[in-house]
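Taking it in order: structure first as structure tokens, then the write-up.
The values are calculated or read from the model by the stated rules, or taken from the named source; none is laboratory data. All values reported here derive from a predicted model rather than from experimental measurement. Every residue, glycine among them, receives a Cβ derived from its backbone with ideal geometry; neighbour counts consider all protein chains shown. Accessible surface areas use protein heavy atoms only, side chains included; no ligands, DNA or RNA. Shrake-Rupley method; radii C 1.70, N 1.55, O 1.52, S 1.80 Å.
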Amino acid sequence: MQKEPKSSADAGPSAGAAPEAADSALPQDSAGKHAVSVLWSFGKCLGALLPVYLAGYFGFSISVVLLGLLVYMRWKHSRDGKQARLQSAMYLLENEQDVTTTRVFRSKRELPAWVNFPDVEKVEWMNKILQQAWPFIGQYLEKLLVETIAPSIRAASAHLQTLSFTKVDLGDRAMKVVGVKAYTEHDKRQVILDLYISYAGDVEINVEVKKYFCKAGVKGVQLHGRLRVILEPLIGDVPLVGAITMFFIRRPKLDINWTGLTNLLDIPGLNAMTDTMIMDALASFLVLPNRLTVPLVANLHVAQLRSPLPRGIVRIHLLEAENLAAKDNYMKGVISGKSDPYAVLRVGTQTFTSHHVDNNLNPQWREMYEVIVHEVPGQELELEWYTLKDVPSGQVHLKLEWLSLLPSAERLNEVLERNKNITVYGKTADPPSAAVLTVYLDRAQDLPFKKGNKDPSPMVQISVQDTTKESRTVYGTNNPVWEDAFTFFIQDPSKQDIDIQVKDDDRALTLGGLSIPLSRLLSSAELSMDQWFQLEKSGPASRIYITAMLRVLWLNEEAILTTPHSSPDGNFASEGVLRIHLVEAQSLVAKDNLMGGMVKGKSDPYVKIRVGGLAFKSQVIKENLNPIWNELYEVILTQLPGQEALSACLFVSKYNILHDFFFLYFLYLVVCLFTPIYACVLVQWYTLNDVKSGRLHLVLEWVPKVSDSTRLEQILHYNYQQSYLNKIVPSAALLFVYIERAHGLPLKKSGKEPKAGAEVSLKNLSHRTKVVNRSTSPQWDEAFHFLMHNPSEDTLIVKVRNFFTVIIDFKLTHSWGQALGSLVLPVRELLDEKDLVLDRWFSLDGAMPESQILLRAELKVRNHTHIQHVLSSRTHLLYFFHNSVFLHRNLPSFSKDPPDTYISFILLPDKNRNTKRKTSVKKKSLKPEFNERFDFDMTLEEAKQKHLEVSVKNSVSFMSREKELLGKLQLDLCQLDLKTGVSQWYVLYCCSL
């Protein structure tokens, strides 16, 4: 019987019951979830309290509980930090464009490589390919782990026979290439690509060992680094590239987020250790000098692709550090201690650790390391400071030398001689290398069998002196192929050998050996050998194929660039020279009175001049109220307040016959130097103070200075023509010396640091710096200056001395001891330098090889042309009698004795007191020398209208019958060049008897 369909009215209640049932079911589901949540919270509380209960139950101290709580908190903090970094990296990769456009003004380290460097290109097309292929890459990885790696692990250990990968998921976020940089200019047969890769993925890999109920895994990985891909050699056949080589130039940054049992690896202390172990494992496989080489064609020399010849060697001298932060503090920093610093240097997988220096904030290591550089450009030097993290002070001194590889032995002897002068410190320090040896181990043939006619598993040990390296093991064959490469540093190739031992994998059975003297390489073409070698103590047909290449390490000292580093203040080399010409005095008061003043006498005047902290004293002119000195003094001044006044004291002596002693009177004046400093020259008579009469004639010159050596010869010629009574030769230049600091000074015999000071000397003048207490890197920052008469002949000497204290007669005595090092610098070297400046580090003789001093030497030449122009433009006509007067022997003799000669002259046509002058008398001389100067105040136009009449006379008494006039001449001044001056001999016209 057929059923009738229900009406809509009948269906209504039943249809509406379904939603009601659903609504009634929701509270039941939520109630169940709530119950589970409550139970989970209770379980967590119970789990947290359980350790406390167990500690009390077993009688453990409360400190154990606190320690466990501290470890848990540190683990939680570390894990949360990893999770936050992973989420931040994921967001950055997903929103790269937003970050780089909206926050472009942030620091460059937050921007991708293509933003920082214009030559790094974006490759979004490659990222799209990776994103599309990422699920399939995940399928391949899962198949590889489950079907290949897991069985291998289970077969390797009986404890891991139940190991299995329960989940392998690479996630949805693919690896990104944020930039690519291509190099094509280095070698036409290769293409170099630098891929800046960044991966912050939600990868999840779980591992389970059922036997031990252990679960572990990874959930989230960060990997950032620069992967270099080399396509070489380029060939003219498909696939156009012979092989692909990949490696990281530097260690990539790796961060792993663990799960399961491996959560323990996030415990502080363990996390750093495990990250380092994982990074070391990756570096041993894919960080320079290790490479992954995939050949694409047959018959390639894979060993040379995997380990090519190095590009060069960097010799690193770790010398010292200074101003390090004190880390050993006591009583929560109340008492500051010191530090025990050491340094770690890392280049690729090469790591060097210095020795510790205990309790020293200025440590000295003086250690040397030699680093192989495989890739240029790209490879960098990393320097880690364990005591310099997050501190404001501290610096390290490194000396880096690039050693080129020479394929010939022509300069080997020169390299060996240089290396003898390099001092290496430390008990385990190696001497400097003279060459580098690369050995390519290719293959062997017909090796002997083991006992029982079994195939061996050969490996090779290659030794050079005390260094031994091992190849990989090739299992179950007597015709192994290794294709490995090894590099050795060689101290003296003529005295060292290559020792090769082929052994079984247990190292107990030797399958053959070979010794190759390196002297054979020295006589080979391009220092290379590429051939089969017969093995000794092996089978009759056993042989090994080896390629050995030797390269001499050459330091091109001429290419070393020295950059000035000194930093004097702005006032350095701002001083100038004030030249004071003491000419004469007139109308002085008479102090030598006789008979109670009834008979007027004369005086014996001399002058004292004080300026800039220096004092000068003139000669004493006997019995003269109009003395002529013609003396010159020079003093170095700065244009600073306090040096704007010159005091000149004119002393007059009086002899008292009755009491037999002297009275001294002085006449005082003050001259403001403001005018000569800025006006360059000032010629003036100064009236003496506090006396009835008397004036003093001074010429003050502020000598300009320039950095031009072409003027030096002209200035020297001019200066040597000048003559003064005090035998002073005017200076030609001014030398400024700035002593900044030194480094690498030797220690005292006791092993302590010296108290160092510097002594700067030039001829008989020397200056000393302050003494820096207990330092091999003293900082002085002091400046000195010297007047120089001939820079091409003078030598600057700088000595760094040890300052010590001794007890003599129960008193402390301070003294400068022996030199720690010295520098001899001929000043003529500055004449060839730009701007006459030398500013660099100088090596110290008689000290350590690394002992140097940083100084700046600057030469300033006086601007002679400018001074001449100023003098000639003044309204003074100056005449200098520099040379002597020579009376010919054929002159008529007026007496048996030589005459008492003097010279008088007059400006014609005027004959009066102001136009007449005469020199002092030279007793009994036919070749008198006067060296006196006389001034006439007039303009140049007035002088050209005058005649100068010069008369050479004999000083006789008025009752004598001897002839007074010995000769005379007359000069027409309009025919002379008065601007530049005239200096020559003139013939005297003799008078008849």
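For region 806-818, the count of residues that are open to solvent by less than 80 Å² (accessible area, probe 1.4 Å), at pLDDT 85 or above and either in the same structural domain as residue 851 (by the TED database) or over 23 Å from the mean Cα position of the chain (by Cα) (or both) is zero.
Exposed (fewer than 15 other Cβ atoms within 10 Å of the Cβ) and at pLDDT 85 or above: which single residue out of 845, 897, 910, 839 fits that description? Only one candidate passes the filter, namely 845. Among residues that are assigned to a loop (DSSP other than H, G, I, E, B) and either over 30 Å from residue 157 (Cβ atoms) or out of contact with any Lys or Arg (no Cβ under 8 Å at 6 or more places or on another chain) (or both), residue 173 is included.
Among the residues of region 819-836, which ones are of a type in the set (A, V, I, L, M) and either closer than 18 Å to residue 747 by Cβ or surrounded by 15 or more Cβ atoms within 10 Å (Cβ to Cβ) (or both)? 819, 820, 823, 825, 827, 830, 831, 836, listed by residue number. Within region 769-797, residues that are closer than 17 Å to residue 705 by Cβ reach partners that are in a strand (DSSP E or B) and open to solvent by 20 Å² or more (accessible area, probe 1.4 Å) with beta carbons closer than 7 Å, at six or more positions or on different chains, in the pairs 784/767; 785/636; 786/765; 787/634; 787/636.
Table: residues versus (1) modelled with pLDDT under 85; (2) farther than 20 Å from residue 363 by Cα; (3) open to solvent by 60 Å² or more (accessible area, probe 1.4 Å).
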residue	(1), (2), (3)
753	yes, no, no
769	no, yes, no
775	yes, no, no
778	no, no, no
798	no, yes, no
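Elements of the type helices (runs of 4 or more DSSP H) sitting completely within region 107-162 and holding at least 2 residues that are modelled with pLDDT of 90 or more and open to solvent by 90 Å² or more (accessible area, probe 1.4 Å): these cover 124-144.
Considering (1) in a strand (DSSP E or B); (2) of a type outside the set (Gly, Ala, Ser); (3) in contact (Cβ under 8 Å) with a residue 40 or more places away in the chain, the lone condition that residue 753 does not fulfil carries the number (1).
Residue-by-condition table, conditions (1) of a type in the set (A, V, I, L, M, F, W, C); (2) assigned to a strand (DSSP E or B); (3) modelled with pLDDT of 80 or more; (4) open to solvent by 50 Å² or more (accessible area, probe 1.4 Å):
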| position | (1), (2), (3), (4) |
| --- | --- |
| 905 | yes, yes, yes, no |
| 914 | no, no, no, yes |
| 928 | no, no, no, no |
| 941 | no, no, yes, yes |
| 961 | no, no, no, yes |
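Annotation note: of 570, 539, the sole residue that is open to solvent by less than 30 Å² (accessible area, probe 1.4 Å) and either farther than 30 Å from residue 835 by Cα or not assigned by the TED database to the domain that holds residue 855 (or both) is 539. Just wondering, is there one or more residues in region 140-155 that are within 53 Å of the chain's Cα centre (by Cα) and on the phi > 0 side of the Ramachandran plot? No, there is no match, as no residue in region 140-155 is within 53 Å of the chain's Cα centre (by Cα) and on the phi > 0 side of the Ramachandran plot. If we keep just the residues of region 733-750 that are buried (at least 22 other Cβ atoms within 10 Å of the Cβ) and part of a loop (DSSP other than H, G, I, E, B), which is modelled with the highest pLDDT? Selected residue: 745. Considering 228, 173, 189, the condition of being at pLDDT 85 or above and out of contact with any Phe, Trp or Tyr (no Cβ under 7 Å at 6 or more places or on another chain) is satisfied by 173 alone. Among the residues of region 623-637, those that are at pLDDT 85 or above and either surrounded by fewer than 14 Cβ atoms within 10 Å (Cβ to Cβ) or acidic (Asp, Glu) (or both) comprise 626, 631, 634.
Residue count for region 296-331 under the criterion of being surrounded by fewer than 16 Cβ atoms within 10 Å (Cβ to Cβ), of a type in the set (A, V, I, L, M, F, W, C) and either in a strand (DSSP E or B) or at pLDDT below 75 (or both): the result is 1. Inspection of region 486-500 identifies no residue that is over 26 Å from residue 311 (Cβ atoms), assigned to a strand (DSSP E or B), open to solvent by less than 30 Å² (accessible area, probe 1.4 Å) and charged (D, E, K, R).
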